[in-house]
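> Dropping a structure here in structure tokens format, bear with me for questions.
The values are calculated or read from the model by the stated rules, or taken from the named source; none is laboratory data. Keep in mind the model is a prediction, meaning the values are calculated, not measured. Cβ sites come from the backbone with ideal geometry, for glycine too, and all protein chains shown count toward neighbours. With ligands, DNA and RNA removed, areas are computed over all heavy atoms of the protein, side chains included. Shrake-Rupley method; radii C 1.70, N 1.55, O 1.52, S 1.80 Å.
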Amino acid sequence: MPDSEVELALVGRSNVGKSSLLNALANRRKLAHTSKAPGATRLLNLYELDPEGSGRWLVDLPGYGYAKVGKAEQQRWQKMIEGYLTERSQLIAAVVLIDGAIGPTPLDMQTIEWLDHIGLPQRFVATKVDKVKASKSRARRRELIAALGVAASEVRWVSATTGAGIPELRGDIAKAFDDEA
Ligand code: GDP
């Protein structure tokens, strides 16, 4: 990987809306490849924040839990991802994406527990908030933060579709980098 100053890793289950979120953050339609076939992102994709040369990178990790991939390939990904998350010295935190309408899933919880175990700080982003009906919104938010065991303020709710929460998330990311500088 190229040299960077600081990195945030984007972690999430396949199909959680990670590519769509990256595009919304960058204000581009096809920066990150979105696909109806989950698991399409098989590499570590690096996105540098403006300005060029800032040394601030978002590192997009392959989505986990894509069942159609063979065991051997899954293990290869897992090794790569775990190696990166445990060994990368520039990495300051994981941004964990949870499907706001249905998460966290058991696989999400497993990932979060593993990140706790390796001592990597975590921030949470709940995606697809547009899919939660207004009448269910409060209950859904309570349920999600209770499952994660965090304060409401630790979860940023976003929608790549409507743009809700995107400017705020950009601010969170900039602040995370600033705090480290
Ligand atoms: P990835 O596998 O995590 O990169 O997920 P994608 O960004 O490819 O999105 C997976 C599916 O969820 C696609 O069908 C997207 O159109 C849909 N999706 C992503 N973000 C949103 C969102 O904010 N709202 C809604 N309603 N659907 C979304």
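> For region 82-95, what does the Karplus curve 6.51 cos²θ - 1.76 cosθ + 1.60, with θ = phi - 60°, yield as ³J(HN,Hα) per residue in whole Hz, taken in order and with x for Gly and Pro?
Going residue by residue, I get 5, x, 4, 5, 8, 10, 6, 6, 6, 6, 9, 6, 9, 9 Hz, with x marking Gly and Pro.
> Quick one: ranking ILE98, ILE81 by accessible area, 1.4 Å probe, largest first, what do you get?
Accessible-area ranking of ILE98, ILE81, largest first: ILE81, ILE98.
> Using 5 Å bins from zero, what percent of all Cα-Cα pairs in region 6-180 falls into each bin?
Taking all Cα pairs of region 6-180, the binned fractions are 1, 8, 18, 22, 22, 17, 9, 3, 0 percent.
> Restricting to region 6-180, what percent of DSSP beta bridges are antiparallel, rounded to 5?
Roughly 15 percent of the DSSP beta bridges within region 6-180 come out antiparallel.
> Give me the accessible area of LYS133, 1.4 Å probe, in Å² rounded to the nearest 10.
That residue has around 130 Å² of solvent-accessible surface.
> Evaluate the distance, in nm, between pseudo-label points positioned 7 Å from the Cα of ARG76 and of HIS117 along their respective Cα→Cβ axes.
So the two model labels end up 2.4 nm from each other.
> For the chain, what does the helix formula give at 222 nm: sum of -39500 (n - 2.57) over DSSP H segments with n ≥ 4, over the residue count, nearest 500 deg cm²/dmol?
Here the helix-only value at 222 nm equals -11500 deg cm²/dmol.
> Once you've got the Cα coordinates, tell me which of LYS131/LYS175; LYS18/LYS175; LYS18/LYS79; LYS79/LYS136; LYS133/LYS175 are over 32 Å apart.
LYS79/LYS136
> Just reorder ARG140, ARG28, ARG156 by solvent-accessible area, largest first, 1.4 Å probe, all chains present.
Largest to smallest exposure gives the sequence ARG28, ARG156, ARG140.
> Right, another one. In terms of modelled amide H atoms, which long-range or inter-chain residues lie less than 5 Å from the amide H of VAL95?
ALA9, LEU10, VAL11, ARG123
> When only Cα pairs under 8 Å and 6 or more residues apart are kept, what is the percent relative contact order across region 128-174?
Computed over region 128-174, the figure is 36 percent.
> Assuming R0 = 30 Å, can you tell me the calculated FRET efficiency for the pair THR86 and SER153, based on Cβ-Cβ distance, to the nearest 0.05?
It comes out at approximately 0.60.
> If I stretch the segment between SER4 and ALA134 completely, what's the gain in nm (0.36 nm per residue apart, minus their alpha carbon distance), one decimal?
Stretched fully, the SER4-ALA134 segment lengthens by 42.7 nm.
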